[in-house]
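Everything on this sheet refers to the single structure shown next.
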Amino acid sequence: MEKTSTVTTKGRPREFCVDNALAAALGVFWSKGYEGASMSDLTEAMGITKPSLYAAFGNKEALFHKALDLYENEKLEYTRDALKQPTARAVAEHFMRGAINAQMSSCDPKGCLGVISATACGAEAASIKADVIQRRASSQAALVERFEQAKRDGDLPDHVDISGLTSYLYAILQGMAVQAGSGATRAELERVVETSLMMWPGR
C-alpha cells in the first residue's frame, strides 16, 4: 500500500506519494553519491519542494538513511537468498551473479550504492560512511557464519581461513561494483565471476 504525505506550506496543501518520492531520491543518491547529490537534484527528481522534503523525511542525511533501507530491501534481496544456497561455492556464486544483475540493471544506475557512499564520503558525511560500513559488517558477519557452517559440514577444507575467504569475496564484489560504475560490460564482470569460482576452495 502506497503511503502519501500531505504537507502544508504557504498556499494549498500538497499531497505526494512518499514511496515514489523515496524511490526517486534513491536513484539520485545511487547515481551521484551522498555528497554529489544536491538538494536541488533531490527535490527535482522527487517532484517536491524543500519544505515538503524536510517535513516528510527530515534532512538530507535522514533521507539518505531511508533510501539506503529501501536499497537493501529491494535491491539486495539476492544477498539474503545467497545464504540459503546448499554449498559455500553456490553461496559465493549467487552473491557474485546477483551483484552483476543488480549493478548492470537497465532500470537502475550502474554500480553499488554502498560502495559509492563508503568510498566517496568526506569528513562531513562521516555518519553516512559509518552507517554503510556497519551494514556491510553485518552482512559479512552473516556470511562468515554461513561459511563456518560449511566448514563444519565438510563443504570447505579445514585449512581455509573463513574470515580471509569472506574478505576475499567482498573484495571481489566491491571491485566488480567499481568496474560496473566505470563502464565495464556484463561479459567482463562474468569473466571475473568465472575466474573467481575456478579458484574457490572446496566443492
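Some points to look at:
- Helix 186-198 and the longest principal axis of the C-alpha atoms of the chain enclose an angle of approximately 40°.
- Gyration tensor verdict on the chain (Cα atoms; rounded if a/c is under 1.5, prolate if a/b is larger than b/c, oblate otherwise): prolate
- Between GLN85, GLY181, LEU165, the Cα set farthest toward the positive side of the dipole of the chain (charges on each charged residue's Cβ, about the Cα centre) is that of GLY181.
- The residue list LEU70, LEU197, VAL18 was ranked by how far each Cα lies along the charge dipole of the chain toward its positive end, using unit charges on Cβ atoms, and VAL18 comes out on top.
- Of LYS50/LYS75; LYS32/LYS129; LYS32/LYS60; LYS60/LYS129; LYS84/LYS129, pairs whose Cα-Cα distance is over 19 Å: LYS50/LYS75; LYS84/LYS129
- Dipole size of the chain about its Cα centre, with +1 on Lys/Arg Cβ and -1 on Asp/Glu Cβ: approximately 360 debye, rounded to the nearest 20.
- Inter-centroid distance (Cα atoms) of region 68-142 relative to region 34-66, Å: 22
- Compared with the dominant principal axis of the Cα atoms in the chain, helix 18-32 is inclined by about 60°.
- On Cα atoms only, tilt of 162-181 relative to the major axis of the chain in degrees: 50
Readers should treat all values here as calculations from the given coordinates under stated rules, not as data from a laboratory. Fair warning: this is a prediction, and the values are worked out from it, not measured in the lab. Positions of Cβ are generated from backbone atoms using ideal geometry, with glycine treated the same way; all protein chains shown enter the neighbour counts.
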